[in-house]
Amino acid sequence: MQRAFRLTIAFFASFALCVLPAACKAPHRHTLLWHRTQTQHWQECSDPACDFRTDPEEHEGGVCKECAEFRALSFGFAEGGDTAHSDFAREANEWFPARGAELGFTYDFMRNDYSALNDETLAEYDIVLFLNDRPHVKEQQEAFERFMEGGGAWIGFHSAAFSMVDEADKDKEGSDYWRWYQDEFLGCGNYKNNTWNPTSEPLTVETHEHPATATLPDVFLSAPCEWYGWEYDLFQNPDITVLLTLNPTQEDPAGDNPHKPNEIWHDGHYPIAWANNNYNMLYTNMGHNLQSYNDFEKESKTFSSEEQCTFLLDAMFGLTLD
Ligand SMILES: [Zn+2]
Ligand SMILES: [Zn+2]
Ligand SMILES: [Zn+2]
């Protein structure tokens, strides 16, 4: 979007330079790649025979909005709410900026101030993240819909898809049910059930034909999470590609709390992460840290599984490709 526009400008500007005798060996269209240090950024032609590069510009930190591979705008409560969910957001707010500094993207966290979901602000970003919850105000929801319809990218985590509204109330005046989001965009409808306690589980990669799963092994061990089931059967939705599944068995159930036998799953085929083929989006169930609710002592990290981290980063880079 914005980035593509800037690249286009740079591209035509550099093409003009390229026809000057000393600029490069044979006239060609430069394919420009970003280069950056902790204090500067510039672009160079990817052709090793070409010595075209832009003048270095100063910036603070390893990446700035100008040279970022993509710019992420993140929402969700990092205090209060379910403390295992806000704990995940606090962790995400350290992990994403650190990866961004290494890999070249920016990360801005708005807490649960969804007023940033407007056309003007969204135009400055490539990808939106919902760490927890989602907007509940119609204008903000509509701005988000326009962003997605216009090719923007999104990743939602765990409680971002959570909704519990009776069928009869879904379309009532003042209903909190966001039809487009739950039914069309996510395709899952309401939250239905969950496992307890949060457990680390083997997740099956259903397809490697997606940037998020292309480099993953066929099965990998997740970080601990509370796993959700959904109202609608995502496998039957032609718009949805299920990427990761949880497949508990009698021998290896999901959930382990003997006081809540209904929240231990012994069978089934559960979608854990999926994409809607009509949007640059991905939902993943991850984002609930294991902790003691008595003293809130942290017992797990969402970013403790190397493969799960690869999945998230590959998803971000894949969804933001122009
Ligand atoms: Zn060149
Ligand atoms: Zn920069
Ligand atoms: Zn949870």
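Before moving on, here are some points about what is shown:
- Qualifying residue in region 184-194 (condition: more than 18 Å from the chain's Cα centre (by Cα), within 15 Å of Pro271 (Cα to Cα) and assigned to a loop (DSSP other than H, G, I, E, B)): yes
- In region 236-310, counting only strands (runs of 3 or more DSSP E) that sit wholly within it, none holds 1 or more residues that are over 24 Å from Ala212 (Cα atoms) and modelled with pLDDT of 95 or more.
- Sole exception among (1) within 16 Å of ligand 1 (Cβ to nearest atom); (2) surrounded by fewer than 18 Cβ atoms within 10 Å (Cβ to Cβ) for Pro56, by number: (1)
- Residue count, region 44-97 (criterion: within 26 Å of Val128 (Cα to Cα) and assigned to a strand (DSSP E or B)): 6
- Residue among Asp166, Asp176, Asp171, Asp218 that alone is touching a His at 6+ places or on another chain (Cβ under 9 Å), free of Cβ contacts under 8 Å to residues at least 24 places away in the same chain and surrounded by fewer than 20 Cβ atoms within 10 Å (Cβ to Cβ): Asp218
- When every residue of region 136-158 is checked against the conditions, at least one turns out to be in contact with a Ser or Thr (Cβ under 6 Å, 6 or more places away or on another chain) and small (Gly, Ala, Ser).
- Among the residues making up region 195-235, those that are part of a strand (DSSP E or B) and of a type outside the set (Phe, Trp, Tyr) are Thr199, Pro202, Leu203, Thr204, Val205, Val219, Leu221, Cys225, Gly229.
- Test: residue in region 266-274 that is away from ligand 3 (no atom under 16 Å from the Cβ), under 14 Å from Trp196 (Cα atoms) and either within 21 Å of the chain's Cα centre (by Cα) or without any contact (Cβ under 8 Å) to a residue 24 or more places away in the chain (or both): yes
- Identity of the residue in region 214-238, of a type in the set (A, V, I, L, M, F, W, C) and either outside the structural domain of Phe185 (by TED's automatic domain parsing) or within 18 Å of the chain's Cα centre (by Cα) (or both), that ends up nearest to ligand 1 (Cβ to nearest atom): Ala214
- Filter pass, Leu282 being in contact (Cβ under 8 Å) with a residue 24 or more places away in the chain and either more than 23 Å from the chain's Cα centre (by Cα) or surrounded by 22 or more Cβ atoms within 10 Å (Cβ to Cβ) (or both): yes
The values are calculated or read from the model by the stated rules, or taken from the named source; none is laboratory data. Given the structure is predicted, the values throughout are model-derived calculations rather than measurements. Using ideal geometry, Cβ is built from the backbone for each residue, glycine included, and neighbour counts are taken over all protein chains shown.
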